[in-house]
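Trainee: Handing you a structure now.
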Amino acid sequence: MSLTLAASSAPQNVAFGIIAVVMCVAALGVVTMKNIVHAALALVMVLAGVAAQYILLQAEFLGIVQVLIYIGAVIVLFLFGIMLTRHPMRKTGEYDNDQRILAGLVSLLIFGLLAYLLTDQFRGDKLHLGQPTQTSAIADSIFRTYVVGFEVVSMLLLAALVGAIVLARRD
Amino acid sequence: MPITEYLLLSAFLFCTGIYGVLARRNGVLVLMSIELMLNAVNINLVAFSARLNDAAGQVFALFVIAIAAAEVGVGLAIVLLIYRNRVGVNLDEIDLMKG
């Protein structure tokens, strides 16, 4: 990603490169940090970077939704989960299991395969970013073409809400 | 700008998530890694939405965000339940169903 940074000087490319590098470092932090709260904060950086990429891709509504739902709600849920499951007596640190090397090999293999296939398939395919996507276009698409999916998602959210309450309730 | 940059970024995030799911043993950290993978998919969807000039990709990204929120809620409830019934949330100690 950063290799192509020097080749073109459009401000969008520069912004993409900086945000992408920050996101990659923060993502590595999420999976390697020894402190679980720090891992959650690194996840915040990744999610904020994703929101910034959405805005660079001119999907502004999605960027706002990303900030509201992920950084606003999901991270708070994670922090609550960390707070409620931390064992006060146990020593912190050992959050990795013993298959780290194997996991690294597997993910490197998959990344290599994906990178080869994607660059092979989409070489020279340019994004032509014109006008930002209108939120009304997304609304039209949701409530016209994908209204069934929307209803299914709303039922799923309700079921997940009830299920989470039933699971976590102390009785 | 080339679409491959976005695709490679997304592939990197996805593979980092795979590593996290495989190498972490804390339940909350595994859920965080799953979030990384879901976000990688969302970047792909939005990039192709911009490439094809079609809002459908963004609609699917919204669906993925909603389902990820539901997944985190239920997942953390399950982790809490495991924590309460057993000693910790280390996933390699949860082997009741191992034969």
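Bear in mind that the values in this text are calculations on the coordinates, not laboratory data. Keep in mind that this is a model prediction, so the values were computed, not measured. Positions of Cβ are generated from backbone atoms using ideal geometry, with glycine treated the same way; all protein chains shown enter the neighbour counts.
Trainee: Please verify whether the range A:29-49 includes one or more residues that are of a type outside the set (Gly, Ala, Ser), closer than 19 Å to residue B:60 by Cβ, under 15 Å from the mean Cα position of the chain (by Cα) and buried (at least 20 other Cβ atoms within 10 Å of the Cβ). Write out each step before concluding.
Mentor: Looking only at the range A:29-49, we keep the residues that are of a type outside the set (Gly, Ala, Ser), and these are A:30-38, A:41, A:43-47.
From what is left, the residues that are closer than 19 Å to residue B:60 by Cβ are A:47.
Keeping just the survivors that are under 15 Å from the mean Cα position of the chain (by Cα) gives A:47.
Still in the running and buried (at least 20 other Cβ atoms within 10 Å of the Cβ): A:47.
For the range A:29-49, residues of a type outside the set (Gly, Ala, Ser), closer than 19 Å to residue B:60 by Cβ, under 15 Å from the mean Cα position of the chain (by Cα) and buried (at least 20 other Cβ atoms within 10 Å of the Cβ): present.
Trainee: Sort out which residues of the range B:64-78 are among the small types (Gly, Ala, Ser), farther than 16 Å from residue A:72 by Cα and in contact (Cβ under 8 Å) with a residue 24 or more places away in the chain, and write them in order of number.
Mentor: Taking the range B:64-78 and keeping what is among the small types (Gly, Ala, Ser), we get B:66, B:68-70, B:73, B:75, B:77.
With farther than 16 Å from residue A:72 by Cα added as a condition, the list becomes B:75, B:77.
Residue satisfying the conditions is B:75 alone.
Trainee: Here is a follow-up. So, in the range A:110-141, exactly how many residues are surrounded by 12 or more Cβ atoms within 10 Å (Cβ to Cβ), more than 7 Å from chain B (Cβ to nearest Cβ) and of a type outside the set (Asp, Glu)?
Mentor: Residues meeting the conditions: 7.
Trainee: Moving to a separate point now. From the list A:152, A:162, exactly one residue is assigned to a helix (DSSP H, G or I) and within 24 Å of the chain's Cα centre (by Cα). Which is it?
Mentor: Working: A:162 fails: within 24 Å of the chain's Cα centre (by Cα).
On inspection, the qualifying residue turns out to be A:152.
Trainee: Please indicate, with yes or no, whether at least one residue in the range B:51-63 is without any contact (Cβ under 8 Å) to a residue 12 or more places away in the chain and among the charged types (D, E, K, R). Spell out the reasoning first.
Mentor: Of all residues in the range B:51-63, those without any contact (Cβ under 8 Å) to a residue 12 or more places away in the chain come to B:52-56, B:59, B:62-63.
Those still in the list that are among the charged types (D, E, K, R) too: B:54.
Yes, some residue in the range B:51-63 is without any contact (Cβ under 8 Å) to a residue 12 or more places away in the chain and among the charged types (D, E, K, R).
Trainee: Six or more apart or on different chains, Cβ atoms under 6 Å: show the pairs whose first residue is in the range A:23-39 and over 16 Å from residue B:17 (Cα atoms) and whose second is surrounded by 14 or more Cβ atoms within 10 Å (Cβ to Cβ).
Mentor: No pair meets every condition.
Trainee: Okay, moving on. Counting only residues that are of a type in the set (D, E, K, R) and more than 7 Å from chain A (Cβ to nearest Cβ), give me the helices (runs of 4 or more DSSP H) lying completely in chain B with at least 1 of them. Walk me through it before giving the result.
Mentor: Working: elements: B:3-23, B:27-52, B:56-85.
Per the criteria, B:56-85.
Trainee: Related question: Please pick out the residue among B:27, B:88 that is in contact (Cβ under 8 Å) with a residue 24 or more places away in the chain and among the small types (Gly, Ala, Ser).
Mentor: Numbers: B:88 fails: in contact (Cβ under 8 Å) with a residue 24 or more places away in the chain.
Of the residues listed, the single one that is in contact (Cβ under 8 Å) with a residue 24 or more places away in the chain and among the small types (Gly, Ala, Ser) is B:27.
Trainee: Sticking with this one: Can you name the residue in the range A:50-62 that is more than 9 Å from chain B (Cβ to nearest Cβ) and under 13 Å from the mean Cα position of the chain (by Cα) and is also farthest from residue A:78 (Cα to Cα) among such residues?
Mentor: A:52
Trainee: Here are some residues: B:62, B:76, B:13, B:91. Which one is within 26 Å of residue A:12 (Cβ to Cβ) and over 11 Å from the mean Cα position of the chain (by Cα)?
Mentor: Working: B:76 fails: within 26 Å of residue A:12 (Cβ to Cβ); B:13 fails: over 11 Å from the mean Cα position of the chain (by Cα); B:91 fails: within 26 Å of residue A:12 (Cβ to Cβ).
Going through B:62, B:76, B:13, B:91 in turn, just one is within 26 Å of residue A:12 (Cβ to Cβ) and over 11 Å from the mean Cα position of the chain (by Cα): B:62.
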